[in-house]
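Some notes on the structure that comes next.
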Amino acid sequence: MAKIQSIRGMPDVLPDASAMRLWVEDRLKAVLARYGYAHVRMPLVEATALFARGVGDGTDIVEKEMYTFEDRSGESLTLRPEGTAGCVRLCEEHGLLYNQTQRLWYQGPMFRYERPQKGRYRQFEQLGVECFGFPGPAIDAELLGLCADFWRELGVQEALTLELNTLGSPESRAAYRDALLAYLRPLADQLDEDSQRRLERNPLRILDSKVPETQALLADAPDLAACLDEASRAHFDALRRYLDALAIPYVVNPRIVRGLDYYTHTVFEWTTTALGAQGTVCGGGRYDGLVERLGGRPTPGIGFAMGLERLTLLVEAHGAAPAEAAPLDVYVLALDETHSAEALALGQRLRQALPALTVQVHCSGGKAKARFKKADASGARYALILGETEVAEGTVAVKPLREGDAAQTTWTLPALIDHWREGLPSPSGTDVATRR
Ligand code: HAM
């Protein structure tokens, strides 16, 4: 029968790659803990309307990338393509925004029906941060400082550039949209197909078109900075001063507009040239109107999300390498199946008494020779052996596996636990006493 394969763009993560990912995630979590951010978990599935209204009808995500289906009662549901809208819903539903500020983070898979390539998947994982209730630019700077600390922790700070822009208040953004439309409409038939489609629905997105002819047409486009109102300009200027105070380098890129509709004021992307076409490792910005748009009271919000696959690829290429996975310490085996229960119990008692030890118990049957072969192949430093005699006497035989012909010794379990309590002897140490 034909084997069933994984779904295109939804990759498996095998043990070595997963060990690397876990290491990256642990480092990120350590930084988040230092900043005192609280963790939340949203469901993978939300009402479709949440994204249509939150992310925006005119965005690529909502227009053509969502996994949307009807459940058995006919309700339209969507696998979340991003986390911000769900996080706002969670906060509103549970009263987290009532007269309080929040600094939250989440992690998990997102789903977008995009064309898969290196660094771009249909199921990918994001770690995201969202803060609510902070109108001033200090939190914008805190979030960018948090990102910079992530990169330092992972050793990739040199490989990432912070690209920063402001879209201004909703009014500034609307004024700019009008100016841009007035400029682009007469040029419509010279625009690429995607940009023509975006012209009336989402003209700001044309600014980050990758098509060279379109970019050339944009050379004389009106400047967003010229449409900023006083308060928007002041917010951005203050943020830039804070970034200087934090010694975080950045470039202002007026073409950063982001692909989701909810942004106002600050927007940013951390980009790298090390990953080919999918160079945006992290993106985010302020979304002061989103809570209200989703039915809540006006509440300022700001956040970002990073793609963990892209970040891990970058760490592999540039970053600090995680320490080699520690080899197994102990492999427990009975000489035959009769004493499997004693072997399992021995493994369990060792793990409970010495939690720092890694202990595996032989579970795959076979003759004594095959069992020793498995013990050797496991990479463990010691085999703990239970035969007829050991079980009868209440002892265990300890055989060093990585010390040449070091002798096997016999121990009672309490004596062995005592002996190993301060850690295993250094590999070259002799360990040959027989204790009963
Ligand atoms: P986004 O720019 O759509 O923003 O995604 C953030 C990051 O997720 C990207 O920079 C990229 O690293 C990663 N990413 C996106 N799509 C894919 C994909 N198909 N395959 C692999 N990685 C991908 C958001 O999602 C916003 N919710 C961020 C945010 C939070 N803004 C404010 N708060």
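Couple of notes before you dig in:
- Against the numbered list (1) modelled with pLDDT of 95 or more; (2) under 30 Å from P203 (Cα atoms); (3) of a type in the set (G, A, S); (4) within 16 Å of the ligand (Cβ to nearest atom), A49 comes up short only at (4).
- Those residues of the stretch 342-371 which are in contact (Cβ under 8 Å) with a residue 40 or more places away in the chain and open to solvent by 50 Å² or more (accessible area, probe 1.4 Å), in sequence order: E342, R349, A356
- Of all residues in the stretch 1-24, those that are surrounded by 10 or more Cβ atoms within 10 Å (Cβ to Cβ) have Cβ atoms under 8 Å from Cβ atoms of residues that are of a type in the set (A, V, I, L, M), 6 or more apart or on another chain, in A19/A325; M20/V315; R21/V13; R21/L308; V24/L154; V24/L308; V24/L311; V24/V315.
- Close Cβ contacts (under 7 Å, 6 or more residues apart or on different chains) running from residues in the stretch 140-154 that are closer than 26 Å to L167 by Cα to residues that are aromatic (F, W, Y) comprise A141/Y242; L143/F304; L144/F268; L146/Y35; C147/W270; C147/F304.
- Options C147, C131: the member that is part of a strand (DSSP E or B) and in the same structural domain as H235 (by TED's automatic domain parsing): C131
- Test: residue in the stretch 80-101 that is part of a strand (DSSP E or B), of a type outside the set (D, E, K, R) and surrounded by 12 or more Cβ atoms within 10 Å (Cβ to Cβ): no
- Filtered residues of the stretch 287-312 (kept if more than 10 Å from the ligand (Cβ to nearest atom), of a type outside the set (K, R) and open to solvent by 20 Å² or more (accessible area, probe 1.4 Å)): D288, G289, E292, L294, G295, P298, P300
- Subset of the stretch 405-425 that is in a loop (DSSP other than H, G, I, E, B) and not small (G, A, S) - its residue that is surrounded by the fewest Cβ atoms within 10 Å (Cβ to Cβ): D405
- Hits in the stretch 27-57 - residues which are of a type in the set (G, A, S) and buried (at least 16 other Cβ atoms within 10 Å of the Cβ): A52, G54, G56
- Residues that are closer than 15 Å to D329 by Cα, open to solvent by 40 Å² or more (accessible area, probe 1.4 Å) and assigned to a helix (DSSP H, G or I), drawn from the stretch 373-389: K374, D376, A377
The values are calculated or read from the model by the stated rules, or taken from the named source; none is laboratory data. Computed from a predicted structure; not experimentally measured. As a convention, Cβ positions derive from the backbone with ideal geometry for all residues, glycine included, and neighbour counts pool all protein chains shown. Side chains included, ligands, DNA and RNA excluded: accessible areas come from the protein's heavy atoms. Shrake-Rupley method; radii C 1.70, N 1.55, O 1.52, S 1.80 Å.
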